[in-house]
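The values are calculated or read from the model by the stated rules, or taken from the named source; none is laboratory data. Not measured: the values here are computed from a predicted model. When we count neighbours, we look across all protein chains shown, and the Cβ atoms used for this are built from the backbone with ideal geometry, even at glycine. For the accessible areas, the whole protein counts, side chains as well, though only heavy atoms, and no ligand, DNA or RNA atoms are used. Shrake-Rupley method; radii C 1.70, N 1.55, O 1.52, S 1.80 Å.
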Amino acid sequence: MDDLRNYIGGQFVAHSSSQWLDNLEPATGSHICRVPLSDASDIDAAVAAARAAQPAWGALSHSERADWLDRIADALEARYEEVATLESRDTGKPITLARGVDAHRSVSNFRFFAGMLREHEHEIFEMANATNYVINKPVGVGALITPWNLPLYLLSWKVAPAIGMGNTVVCKPSELTPLTADLLMRVIDEVSLPAGVVNLVHGDGAGAGAPLVADSDVDLVSFTGGTATGEKVAASAAPAFKKLSLELGGKNSSIVFADCDMESTVAGVVRAGFLNQGQVCLCGSRVLVEDSAYDEFRDRFVEAVEEMRIGDPSDEATDLGALISESHLAKVQGYVELAKREGGALLTGGTSCVPSGFEGGNWMAPTVIEGLSPDSRCATEEIFGPVVTIHPFSSEDEAVAIANNTRYGLAGSVWTSDLDKGRRVSEAIDTGMVWVNTWLHRDLRVPFGGVKDSGVGREGGKWSLGFFSEAMNVCVKHD
Ligand code: NAD
């Protein structure tokens with residue numbers, strides 16, 4: 001595959017330095033392409049292109065911009081299989097997941113926000129002698145920074161509402177998974193979106209991400225990634241009062257009550273624990289089980305985990321692929337070693353499991369650990385891999401206390417046939433989202449985001465439209 005180039009002002013351009021990063025395939029370790037290691041001068045050029053394009057783009061009506069989003073959705077949909085294949089190759093995730101989740105959502109993100117824009121109406125507040133009407137103006141130039149686990153899914157989730165509300169943007173995708181971001185730029189070029197509305201600069205966090213956030217001509221920063229990086233982004237953006245949205249890490253609990261439907265709960269909790277090799281911010285990586293059902297659930301859970309097929313990501317029968325990088329694999333394995341030192345017992349996994357022919361890749365067996373204190377590091381820190389810890393509880397209060405004993409507050413799930421209890425427990429958990437008897441069941445209209453160290457702000461539906469715009473009130477006095 002050819003070396004990648006930045007996309008600035010409607011042109012694919014070389015970056016200014018001679019520094020490159022090798023993009024490696026997680027499943028095999030083989031070389032895919034070289035990624036530009038851009039620097040502040042590339043960022044300056046991209047921000048300038050976005051700034052120049054903003055007035056004309058911001059002057060279009062919502063429905064004109066909605067038409068552009070639909071054109072991008074159509075062109076992306078025409079390349080559906082290419083999106084899935086590139087995403088699977090770049091991330092190591094199974095092709096079925098890349099099709100059903102990544103390729104699907106990338107198209108529907110554009111379609112969904114096109115529909116929302118067409119329905120968007122000014123809010124009106126009548127007074128006895130005056131009418132207030134609220135308009136949503138573009139913020140200006142947006143910096144959109146995304147991680148490697150759901151590359152195009154998350155980038156399109158930002159690009160669509162950002163440009164939909166009249167902003168122009170500079171995207172900085174993860175340097176580990178640049179392929180579908182490049183594809184999106186080719187799609188945007190193909191549909192002839194006005195030059196400068198969407199720009200993309202490849203590179204790492206220090207060289208490209210940090211100067212983008214710090215750029216004095218950037219008005220808004222939408223960041224999804226790790227909590228430690230989020231702290232740096234917040235520190236850089238805050239002094240200039242940039243609008244800031246942070247979608248950060250998670251350590252989410254799946255809470256299983258004895259009255260659950262055991263079969264669907266086991267299947268749901270396995271999916272919550274291990275989807276995308278456990279590399280989803282929403283993954284339920286700590287499973288809390290009511291003590292009277294603990295033994296039965298544990299045995300069935302471990303059996304279901306061991307039935308998952310690990311292997312070639314391009315094989316439709318594969319359930320689990322490779323981890324993103326060698327260093328990430330080492331970090332995840334380090335947590336397994338830590339769990340042993342913390343007194344945990346491995347119920348399954350804990351080892352690498354390299355499929356034949358994939359010796360150069362980053363492979364790890366799905367791992368379940370019991371016997372750890374719910375306060376232990378492995379039970380409270382984000383591991384972001386195929387590692388789940390399992391803990392008994394004896395009361396609703398105890399389950400909620402355990403669920404809340406982490407610095408994170410992103411998501412969770414509750415499994416019970418008593419829906420009053422399901423709602424009661426959900427509402428007591430300090431997170432932004434909870435599912436009852438399901439997990440990752442997404443409605444794009446609802447608020448998405450976390451509390452505590454999982455982030456600041458909400459995305460989704462009207463929350464995205466609000467974040468990517470400035471609400472302005474006009475009060476007109478009547479005679
Ligand atoms: P990361 O924080 O290492 O990187 C995310 C992005 O930030 C990358 O594009 C990176 O190049 C860039 N970056 C790094 N340093 C930067 C800096 N100083 N300034 C600006 N940009 C910088 O995260 P990751 O390893 O790519 O992704 C995994 C993390 O993302 C996990 O913690 C996961 O929970 C989180 N995540 C959260 C959500 C959510 O919606 N809350 C969704 C997906 C992933």
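Take the conditions (1) more than 24 Å from residue 363 (Cα to Cα); (2) within 16 Å of the ligand (Cβ to nearest atom); (3) in a helix (DSSP H, G or I); residue 144 misses just one of them, which is (3). Can you confirm whether residue 370 is surrounded by fewer than 19 Cβ atoms within 10 Å (Cβ to Cβ) and more than 27 Å from the chain's Cα centre (by Cα)? Here the answer is no, as residue 370 does not meet what is asked. Counting only strands (runs of 3 or more DSSP E) that fall entirely inside the range 306-421 and contain at least 1 residues that are in contact with a Gly (Cβ under 9 Å, 6 or more places away or on another chain) and assigned by TED's automatic domain parsing to the domain that holds residue 99, no element qualifies.
For the condition open to solvent by 20 Å² or more (accessible area, probe 1.4 Å), within 21 Å of residue 379 (Cα to Cα) and among the charged types (D, E, K, R), what is the one hit in 290, 303, 307, 316? Only one candidate qualifies: 290. So is residue 257 surrounded by fewer than 24 Cβ atoms within 10 Å (Cβ to Cβ), more than 7 Å from the ligand (Cβ to nearest atom), under 18 Å from residue 412 (Cβ atoms) and not polar (S, T, N, Q) or not? Yes: the conditions hold for residue 257. Looking at 51, 99, 65, 79, just one residue is within 21 Å of residue 155 (Cβ to Cβ) and free of Cβ contacts under 8 Å to residues at least 60 places away in the same chain, and that residue is 99. Of all the criteria given as (1) in contact with a strand residue (DSSP E or B) (Cβ under 9 Å, 6 or more places away or on another chain); (2) hydrophobic (A, V, I, L, M, F, W, C); (3) more than 10 Å from the ligand (Cβ to nearest atom); (4) part of a loop (DSSP other than H, G, I, E, B), the one not satisfied by residue 176 is (3). Of everything listed in (1) assigned to a loop (DSSP other than H, G, I, E, B); (2) within 16 Å of the ligand (Cβ to nearest atom); (3) open to solvent by 10 Å² or more (accessible area, probe 1.4 Å); (4) touching a helix residue (DSSP H, G or I) at 6+ places or on another chain (Cβ under 9 Å), the single unmet condition for residue 282 is (3).
(1) open to solvent by 40 Å² or more (accessible area, probe 1.4 Å); (2) assigned to a helix (DSSP H, G or I); (3) aliphatic (A, V, I, L, M): which one isn't true of residue 1, the others all being true? Only one criterion is unmet by residue 1, namely (2). Pairs linking a residue in the range 433-455 that is within 15 Å of the ligand (Cβ to nearest atom) to a residue that is basic (Lys, Arg) and open to solvent by 60 Å² or more (accessible area, probe 1.4 Å), with Cβ atoms under 7 Å and 6 or more positions apart or on different chains, are 439/271; 447/458; 448/458; 449/458; 452/407; 453/407. Within the range 205-218, track down each residue that is in contact with a helix residue (DSSP H, G or I) (Cβ under 9 Å, 6 or more places away or on another chain) and either surrounded by fewer than 17 Cβ atoms within 10 Å (Cβ to Cβ) or assigned to a loop (DSSP other than H, G, I, E, B) (or both). Listed by number, the residues that qualify are 215, 216, 217, 218.
Determine if the range 141-151 includes at least one residue that is modelled with pLDDT of 95 or more, farther than 22 Å from residue 68 by Cα and of a type in the set (Phe, Trp, Tyr). Yes: one or more hits. In the set 162, 238, only one residue is in a helix (DSSP H, G or I), more than 9 Å from the ligand (Cβ to nearest atom) and open to solvent by less than 30 Å² (accessible area, probe 1.4 Å); that residue is 162. Comparison of 30, 18 shows that the only residue that is surrounded by fewer than 16 Cβ atoms within 10 Å (Cβ to Cβ), in contact (Cβ under 8 Å) with a residue 40 or more places away in the chain and either among the polar types (S, T, N, Q) or on the phi > 0 side of the Ramachandran plot (or both) is 30. The residue that is farthest from the chain's Cα centre (by Cα), among those in the range 125-159 that are buried (at least 24 other Cβ atoms within 10 Å of the Cβ) and small (Gly, Ala, Ser), is 142. For the range 379-424, filtering for residues that are farther than 27 Å from residue 447 by Cβ, crowded, with 24+ Cβ neighbours inside 10 Å and not aliphatic (A, V, I, L, M) leaves 3. Residue count for the range 446-473, restricted to those that are closer than 15 Å to residue 114 by Cα and not in a helix (DSSP H, G or I): 2.
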